1. Express the C-alpha Rg of the range 86-132 as a ratio against the empirical globular expectation 2.2 N^0.38 Å, rounded to two decimals.
2. Within 10 Å, count the other beta carbons around each residue, average over each peptide in 258-271, 63-76, and list them highest first.
3. Going by amide H atoms built from the backbone, whose H comes under 5 Å of the H on residue 117, apart from near neighbours?
4. With viscosity set to 0.692 mPa s and temperature to 37 °C, compute the Stokes-Einstein D of the range 54-123, Rh being the Kirkwood radius across alpha carbon pairs; µm²/s, no decimals.
5. Search the structure for amide H atoms under 5 Å from the amide H of residue 285, placed 1.01 Å from N in the peptide plane, and list their residues when 5 or more places away or on another chain.
6. With every protein chain kept in place and ligands, DNA and RNA left out, what is the accessible area per residue of the range 210-297? Probe 1.4 Å, answer in Å².
7. For q values of 0.16 Å⁻¹, compute log₁₀ I(q)/I(0) with the Debye formula on a Cα-only model of the range 30-183, without solvent.
8. Given charges of +1 on the Cβ of Lys and Arg and -1 on the Cβ of Asp and Glu, with all other atoms neutral, how large is the dipole of the range 169-286 about its Cα centre, in debye to the nearest 20?
Amino acid sequence: MLPQTKSNSAARPLIALCLWAVAAAVAAGDQVHEWQPGQAIVGDPTWTTTVYEDTFADIGETLGFGFLEMVRANPDVDPWLPGDGTRIRLPSRRVLPSGPHDDIVINLAEFRLYHFREGKVATYPVGIGNASTPSPLTNTSVRMRLESPAWYPPESIRKEAAEEGKRLPAEIPPGPSNPLGPFALQLEEDGYLIHGTNKRFGVGQRVSHGCIRMFNDDIEQLVWATPKGSEVRIVKEPVKAGVQGNTIWLQVHGQQESLSKADHDRLWREAEKVLSRIRERENGVEIYRGRVENAVEQASGLAVRVGMVLGKAPGWRYWRSSR
């Protein structure tokens with residue numbers, strides 16, 4: 001069972017007010033890129049330098065990155081005590097998930113939500129379901145936009161809390177103790193929400209009972225920009241590949257802080273699969289196997305160049321920014 005709201009408004013209000021206007025108050029942590037259909041890569045490499053008492057959690061919420069993706073991109077840096085003046089690499093160049101690229105696409109394997117709209121794509125880090133209650137792989141849509149949601153924890157979650165010596169009431173009203181945060185999108189996939197959180201550390205990790213968690217500023221922006229009926233597609237793509245100009249890019253996501261040989265073997269098979277699709281649709285593909293091996297071994301979540309499409313004109317912007 002998953003956290004859910006009650007849908008029978010005659011018996012009890014579902015969740016306070018619905019949001020009808022579409023507006024956007026820009027959140028500090030979002031990443032918005034110009035985008036056009038067919039474009040496979042967005043963003044450019046970026047770095048930040050820490051100041052005293054920074055943590056990856058602080059940096060991530062400010063700049064729009066999840067905890068785990070920052071750990072994978074900076075394996076030699078202590079995420080809790082990076083130190084003053086430490087240069088941190090941010091995985092801000094991205095290979096887009098597979099299409100169609102309409103409305104909202106969530107890639108569970110990279111803990112990230114993509115919102116396609118009006119010639120732009122905004123991306124946000126998300127928390128997802130844990131191993132026992134995973135988030136669903138589904139094609140669904142937005143049933144309702146919600147402000148100040150109340151939470152009605154199902155019996156299974158109340159029982160789980162009781163076994164840990166905690167007591168959960170039948171209803172948790174809006175406020176700082178509410179795990180849904182200040183806004184939510186209720187999905188047609190029954191029992192699932194995209195919502196804010198009162199535990200920001202969970203963004204970018206497997207922590208929920210199946211719902212999608214976002215930083216509160218991010219969900220506020222997304223709610224206002226997402227009309228009722230918008231499509232939501234949830235996928236799991238730990239390895240993504242794309243062609244921009246004549247360059248082939250590969251992005252491999254490690255889905256936990258340390259990976260086993262079996263994890264790397266699985267990622268290698270996924271890499272072979274996505275690159276074979278590029279070979280099928282492009283002529284004159286040259287793949288640099290050593291770069292692919294490095295990408296799989298590191299599984300850093302950084303987009304790297306692994307090949308070329310011979311005879312195809314380079315995309316100047318992407319060639320220049322990747323040197």
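The values are calculated or read from the model by the stated rules, or taken from the named source; none is laboratory data. Remember, predicted model here, so these are calculated numbers, not experimental data. We place every Cβ from the backbone using ideal geometry, glycine too, and count neighbours over all the protein chains shown. Just so you know, the surface numbers come from the protein's heavy atoms only, side chains and all, with ligands and any DNA or RNA stripped out. Shrake-Rupley method; radii C 1.70, N 1.55, O 1.52, S 1.80 Å.
1. Working: Rg = 12.6 Å, N = 47, 2.2 N^0.38 = 9.5 Å.
Here the answer is 1.32, to two decimals.
2. Working: 258-271: 14.3, 63-76: 21.2.
Ranking the peptides 258-271, 63-76 by packing returns 63-76, 258-271.
3. 122
4. Values: Rh = 13.4 Å.
Rounded to a whole number, D works out at 245 µm²/s.
5. Distant-sequence amide H within range of residue 285: 310.
6. The answer is 45 Å² per residue.
7. For the range 30-183, the Cα-only Debye profile gives -1.10.
8. Values: 15 positive and 17 negative charges, 51 e Å.
Charge dipole of the range 169-286: 240 debye, to the nearest 20.
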